[in-house]
Amino acid sequence: MSADTIGAEPERQIYLVRHGDTEWSRSGQHTGRTDIPLTESGREQAVKLGKRLRGHEFDLVLTSPMSRAAETARIAGFGDAMRIDDLREWDYGELEGRTTGDIQASMPGWTIWRGPWPGGETAEQVGARVDRVIARCLDPAVRGDSLLFAHGHVLRVLTARWLDQPPADGGNYALGTATIGILGWERSNRVIETWNEACHLTDDI
């Protein structure tokens with residue numbers, strides 16, 4: 001999916017926001033379809049995300065329907081963000097709620113990027129979802145920047161697809177909670193302009 005085929009305009013950026021802390025994000029448990037709420041620190045992080053984003057004009061604001069993402073959007077000042085299923089986190093199936101170390105005890109060498117994914121989504125299925133999100137952001141009807149509130153793995157897959165890489169290459173882009181990334185352009189080439197910006201770690205915003 002190239003910029004030429006979608007009629008992308010280089011000035012349009014896509015801002016990515018991973019939701020604030022949850023109990024499971026802190027413990028390293030895979031949190032897909034389980035609707036884990038933000039912790040108190042996660043809500044405080046969302047306030048600081050809002051300060052970082054304040055004053056920037058967005059033509060399209062989308063969020064995962066999961067409460068940890070939608071609440072981050074609301075607290076950050078984007079309560080009118082449109083909820084779309086394509087921004088849900090990876091469906092981990094039978095691996096939901098387990099840590100990587102626990103999974104590897106029975107499946108040595110396992111990673112979310114290589115699988116297997118018993119009862120869940122493949123990397124390619126997640127890639128198909130985020131391709132639709134990218135196409136939506138680059139629709140000619142969207143004249144300005146887009147802002148997406150979602151989850152760690154789905155945003156990493158989206159970034160790989162933005163760069164025209166296989167979905168599993170999202171494993172190369174570490175992304176902490178309550179961070180901002182910006183996808184943009186260098187001339188006609190798709191690039192990462194900002195990545196894993198933890199603005200909640202500073203007090204001067």
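Any read-out appearing in this document is the output of simple, stated calculations on the displayed coordinates, not a laboratory observation. Source: prediction; values computed, not measured. Every residue, glycine as well, gets a Cβ built from its backbone with ideal geometry; the counts of neighbours run over all protein chains shown.
The dipole here belongs to the range 88-205: it is taken about the Cα centre, uses +1 on the Cβ of Lys and Arg and -1 on the Cβ of Asp and Glu, and is about 320 debye.
Using the charge dipole of the range 3-201 (Lys, Arg: +1 at Cβ; Asp, Glu: -1 at Cβ; taken about the Cα centre), state which of Phe58, Leu38, Gly170 has its Cα farthest towards the positive end. In the range 3-201, that residue is Leu38.
Placing pseudo-labels 7 Å out from each Cα toward the beta carbon at Gln125 and Arg187 gives an inter-label distance of 4.1 nm. Residues whose amide H falls under 5 Å from that of Arg83, counting only those 5 or more places apart or on a different chain, are Thr63, with hydrogens built in the peptide plane.
Calculated mean residue ellipticity at 222 nm for the chain: -9000 deg cm²/dmol, from DSSP H runs with n ≥ 4 weighted as -39500 (n - 2.57), summed, divided by the residue count and rounded to 500. For the chain, the average shadow cast by the Cα convex hull is 10.8 nm², which is a quarter of the hull's surface. Computed from phi, the 3J(HN,Hα) profile of the range 158-172 under the Karplus parametrisation 6.51, -1.76, 1.60 (θ = phi - 60°) reads 4, 5, 4, 5, 4, 8, 6, 9, x, x, 5, 5, x, x, 8 Hz, with x in place of Gly and Pro. One decimal place: the segment Glu44-Glu94 gains 14.8 nm when fully extended, by the rule 0.36 nm per residue minus the C-alpha distance. Summarising the amide proton neighbourhood of Arg33: residues at separation of 5 or more, or on other chains, whose placed amide H is nearer than 5 Å comprise Tyr92.
In the range 129-205, the convex hull through the Cα atoms has an average projected area of 5.9 nm², a quarter of its surface area. Backbone phi angles across the range 111-116, fed through the Karplus curve with coefficients 6.51, -1.76 and 1.60 (θ = phi - 60°), yield HN-Hα couplings of 9, 4, 7, 9, x, x Hz in residue order; Gly and Pro are listed as x.
Using the Karplus relation 6.51 cos²θ - 1.76 cosθ + 1.60 with θ = phi - 60°, the per-residue 3J(HN,Hα) values for the range 14-25 come to 10, 8, 10, 10, 7, 4, x, 4, 10, 4, 6, 5 Hz, with x marking Gly and Pro.
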